[in-house]
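The next block holds one structure in the form of structure tokens; read it before the comments.
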Amino acid sequence: MNLVIIKYNAGNIQSVLYALDRIGASAVVTDDVSLIHQADKVIFPGVGEASSAMRYLKERGLDAVIKNLRQPVLGICLGMQLMCRFSEENNVDCLGIFDEDVQYFAKAGSADNKLKIPQIGWNNIYDLKTSLFNNVPDGSYTYFVHSYYASPGAHTIATTDYILPYSSALHKDNFYGVQFHPEKSADTGEQILRNFITL
Amino acid sequence: MLTKRIIPCLDIKDGRTVKGTNFVNLRDAGDPVELGALYARQGADELVFLDITATVEKRKTLSELANRISHHINIPFTVGGGIGSVQDVNILLENGADKISVNTAAYKNPRLINDLAKEFGSQCVVLAIDTRKEEDGEWYVYLNGGRTKTATKCTDWARQAVDLGAGEILLTSMNHDGTKQGFALDITCTLSTGLPVPVIASGGGGTMEHFVTVFNEGKADAALAASIFHFKEIAIPHLKEYLSSQSIAVRL
């Protein structure tokens, strides 16, 4: 198994690497295009801000590389959001792999809605689809930290409620994205990472 | 539904857990990684590691510890204790810490909060406040582990810190800490309802009912405790089942 984590200007790559290590997998962290192309599986993690991340990817031509990958790709958190069409976070066009748009939670809240932004903590994922969620019971808890969300749409394979129901995972062809952090989501997260590796 | 979080806190000195523990089933109760892993298996939602080491070797010890924790523990964790610079934080995050907490250094140099939020994002910047209610009925900020009083009101400092980019508040009531008589409900509720960020209540948790109250009346987003978990006075699975039976959303 040749697993590559895409290196770019958004953090939490170490956490993903260590989580893979815990389940007995190893990965190479790189922005080398030929290494990314040769990988059996690609993980596109990220904690950070959408427009600066997109600018960084474009400057290095990684945007086109990621869009055209044929092997299974897993976007995590910001990585998933960047795989969507557009993000309201500084209004930036993203990779457009998923048709869904990324919106700001604050716009969805009402005056009497006391929920805080960002959402920080454990929340349920439900209506789970695809083998990414093999052996993951509907309603399982995963760990989230985010202020922006992908709207529900044709590519939704998991839903979570915070202020409103949104896409906590997306899937199209060889591309998967999860809004939560599987690398920090206890046994459930490790099962999802294992499922991705064995896709 | 987003759940309330239960957070055990481990005090660390020279890389070892202090304040004692009562876990006979651990090979080494002083090893923070082993104790943290046990809490993770029991259903803790996050962990906080507070370093109280005062030596020059501290920075290296703490980053090595963060590295070991993130290799072995599959839930989020915060590292705090004497963090005073962007560089300190960078090393800890590179070694796998999810969040860091700042206290005295941020009070003395509030720009630090802004610098950290810009560099790493608000989601990893936890502001820890030690506060005490004085005879005038106001809550004041204390520094240096509670040894130094300031004239700043807790609510003012918390508001300023959030404006600067703090993503979460870890609020410890010195009046309640160690008493096991319950959390400080008034100041917890004031901050939690008045600020747009989550508030972790700390200090005073002694019974399972105290946790119910701090969530229902204190409106806390999370509750932190140390010795009651270390000495097995309250077991985390039992606590979470009880909270669930009281209609509080928890991860079971």
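Laboratory data are not the source of any read-out in this text; all were calculated from the coordinates shown. This one's a predicted model, so the numbers in the text were calculated from it and none came from an experiment. With ideal geometry, Cβ positions are generated from the backbone for all residues, glycine too; neighbour counts draw on all protein chains shown.
Using a cutoff of 8 angstrom between alpha carbon atoms and counting only pairs six or more residues apart, the relative contact order for chain A works out to 20 percent. Which of the three applies to region B:5-245, rounded, prolate or oblate, going by the alpha-carbon gyration tensor with a ≥ b ≥ c and a/c under 1.5 meaning rounded? Oblate shape, in that a/c is at least 1.5 and b/c is the bigger or equal ratio.
Helix-only mean residue ellipticity at 222 nm, the protein assembly as shown, DSSP H runs n ≥ 4 weighted -39,500 (n - 2.57), per residue, nearest 500. What is it? One gets -9000 deg cm²/dmol as the mean residue ellipticity at 222 nm.
In terms of its alpha-carbon gyration tensor, chain A comes out oblate; a/c meets the 1.5 threshold, while b/c is at least as large as a/b.
DSSP beta bridges fully contained in chain A are about 60 percent antiparallel. For region B:1-158, the antiparallel share of DSSP beta bridges with both residues in that region comes to about 40%.
Anyone know which of A:61, A:46, A:139 comes out most mobile in the 10 Å Cα GNM of chain A? Fluctuation is largest for A:61. Legend: ranking of residues A:168, A:52 from fewest to most surrounding C-beta atoms inside 10 Å; resulting order A:52, A:168. Pairs over the 28 Å Cα-Cα cut-off, from the set A:129/B:118; B:99/B:232; A:116/B:99; A:129/B:232; A:184/B:180: A:129/B:118; A:129/B:232; A:184/B:180. Antiparallel beta bridges, as assigned by DSSP with both residues in the protein assembly as shown, represent about 40 percent of the total such bridges.
Exposure proxy check: B:13, A:172 ranked by fewest other beta carbons within 10 Å?
A:172, B:13
When the Gaussian network model of chain B links Cα atoms closer than 10 Å, the mean-square fluctuations of B:150, B:188, B:104 top out at B:150. Across the options A:51, A:14, A:149, the greatest Cα extent toward the positive end of the charge dipole of chain A (unit charges at beta carbon of Lys, Arg, Asp, Glu) belongs to A:14.
Between A:51, A:34, A:147, the Gaussian network model of chain A with springs among Cα atoms under 10 angstrom shows the greatest mean-square fluctuation at A:34.
Give me the inter-chain shielding for A:116-126: mean count of other chain Cβ atoms within 10 Å, whole number please.
Taking all residues of A:116-126 together, the mean is 6.
Each Lys and Arg adds +1 at its Cβ and each Asp and Glu adds -1 at its Cβ; summed about the Cα centre, region A:113-199 shows a dipole of about 220 debye. Computed 3J(HN,Hα) for region A:91-96, one whole-Hz value per residue from the Karplus formula 6.51 cos²θ - 1.76 cosθ + 1.60 where θ = phi - 60°, is 6, 10, 5, 9, 6, x, glycine and proline marked x.
The radius of gyration of the Cα set in the protein assembly as shown, together with its Dmax, comes out at 21.2, 68 angstrom. Take every pair of alpha-carbon atoms less than 8 Å apart whose residues are at least six positions apart; their mean separation over the length of region A:19-92 yields a relative contact order of 38 percent. Of all lysines in the structure, those lying under 17 Å Cα to Cα from residue B:13, and not within fewer than 8 positions of it along the same chain, are B:58, B:60. Using a cutoff of 8 angstrom between alpha carbon atoms and counting only pairs six or more residues apart, the relative contact order for region B:98-252 works out to 16 percent.
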